[in-house]
Amino acid sequence: MRTAYDIVIRPVITEQSMEDMDIKKYVFEVAKDANKVEIAGAIEEIFGVRVIKVTTTNVRGKKKRNGAYPSGYSKSWKKAVVKLSQDSKNIEIFENMS
């Protein structure tokens, strides 16, 4: 049985995700095999908020090079954008970032 902390890996802190905090949208890296229902349940359990919408995207790894010949890819991961209800509180880990 997976816990909520196995599903939600880390928050994604970018300029775009900081701007979306005003409309209560937060971005997280999640487990690749997690579905939207599991992600919503994990966010509600960890942060004590009410999730109304979850959108997910599979982010492909980019091609990287080290020197001339040995090339490879950075890891692929899954991104989830979580929209909270208007009456729920803000998520504290994103406070004081902007």
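When the Cα atoms of the chain are enclosed in a convex hull and the volume is divided per residue, what value in Å³ results? Working shown, then result.
Numbers: hull volume 11.5 nm³, N = 98.
Measuring per residue, one finds 117 Å³ for the Cα hull of the chain.
Amide H contacts under 5 Å for V49: none, restricted to partners 5 or more places along the chain or on a different chain, H placed in the peptide plane at 1.01 Å from N. A straight line joining the Cα centroids of the range 52-67 and the range 1-36 runs 13 Å. Between G48, G61, G72, the Gaussian network model of the chain with springs among Cα atoms under 10 angstrom shows the greatest mean-square fluctuation at G72. GNM on the chain, C-alpha springs below 10 Å: top fluctuator among S88, S71, S17? The residue with the greatest mean-square fluctuation here is S71.
Note on the chain: GNM, Cα springs under 10 Å; of N35, N58, N66, the largest mean-square fluctuation is that of N66.
Given a 1.4 Å probe, how much area per residue of the chain is accessible, in Å²? Spell out each step's value before the answer.
On the way: 6780 Å² over 98 residues.
Roughly 69 Å² per residue, with all protein chains present.
Taking 0.36 nm per residue of separation and subtracting the current Cα-Cα distance, fully stretching the chain between I9 and M21 would add 2.4 nm. The fraction of accessible area contributed by carbon and sulfur in the chain is 50 percent, rounded to a whole number (1.4 Å probe; ligands and nucleic acids excluded). Against the chain, whose longest principal axis comes from its Cα atoms, helix 36-47 is set at around 70 degrees. Only lysines eight or more places from K53 in sequence, or on another chain, were considered; those with a Cα closer than 19 Å are K24, K25, K32, K36, K78, K79, K83, K89.
The values are calculated or read from the model by the stated rules, or taken from the named source; none is laboratory data. Note that the structure is a prediction, hence the values are computed from the model and not measured. Just the protein is used for accessible areas: all its heavy atoms, side chains included, with ligands, DNA and RNA removed. Shrake-Rupley method; radii C 1.70, N 1.55, O 1.52, S 1.80 Å.
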